[in-house]
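Accompanying notes for the structure given below.
The values are calculated or read from the model by the stated rules, or taken from the named source; none is laboratory data. None of these values were measured; they are calculated from a predicted model. All Cβ positions, glycine included, derive from the backbone under ideal geometry; neighbour counts span all protein chains shown. Remember, those area values only see protein heavy atoms, side chains included, never the ligands or the DNA or RNA. Shrake-Rupley method; radii C 1.70, N 1.55, O 1.52, S 1.80 Å.
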Amino acid sequence: QVQLVESGGGLVHPGGSLRLSCVASGRIFSINAMKWYRQAPGKQRELVAAIDRGGRTNYVDSVKGRFIISRDNGKNTVYLQMNNLQPEDTAVYYCSIAVQTASIYGSSDYWGRGTQVTVSS
């Protein structure tokens with residue numbers, strides 16, 4: 001019913017920047033919270049950043065001041081601007097979007113397949 005497609009990952013040197021995008025398509029009545037998670041090898045998936053419908057944002061402490069989450073409601077898209085990337089940011093990054101597919105339904109969380117971010121010299 002709803003598909004999420006992430007893009008923008010890749011290999012970058014320490015101190016570099018990347019911008020991730022996640023576009024939602026399909027049966028969408030409304031979109032609520034939009035989030036970015038990441039999972040590094042051997043570690044649990046962690047919530048990196050979140051943005052609600054009103055534009056309020058939250059970040060995990062390790063990325064505060066370096067990452068910026070934003071959304072374009074007209075394009076059903078969430079972005080993650082990542083600056084001053086460090087090797088510890090290396091992970092697969094996933095977007096998760098809470099979608100309401102019809103007015104009579106509540107929101108359900110949908111996930112993208114992930115995009116690899118590698119920070120290495």
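Tabulated values for the structure
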read-out: Proximal lysines to Lys35, defined as alpha-carbon separation beneath 16 angstrom and excluding residues fewer than eight positions away on the same chain; value: Lys64, Lys75
read-out: 14 Å beta-carbon shell around Ser70, net charge (K/R +1, D/E -1); value: +4
read-out: Ordering of 2-11, 88-97 by packing [mean C-beta count within 10 Å, highest first]; value: 88-97, 2-11
read-out: Net +/- balance of residues flanking Asn83 in space, Cβ distance below 10 Å, scoring K and R +1, D and E -1; value: +2
read-out: Between region 63-77 and region 12-27, the alpha-carbon center distance in angstrom; value: 9
read-out: Hypothetical label at Ser121: residues of region 81-101 whose amide nitrogen lies under 18 Å (7 Å Cα-Cβ projection); value: 84-90
read-out: Contour excess over end-to-end distance, with Cα ends at Thr57 and Glu88 and 0.36 nm allotted per residue; value: 9.0 nm
read-out: Length released on extending from Gln39 to Val5, taking residue separation times 0.36 nm less the Cα-Cα span; value: 10.5 nm
read-out: Apportionment of accessible area to carbon and sulfur, region 27-111, percent (1.4 Å); value: 46
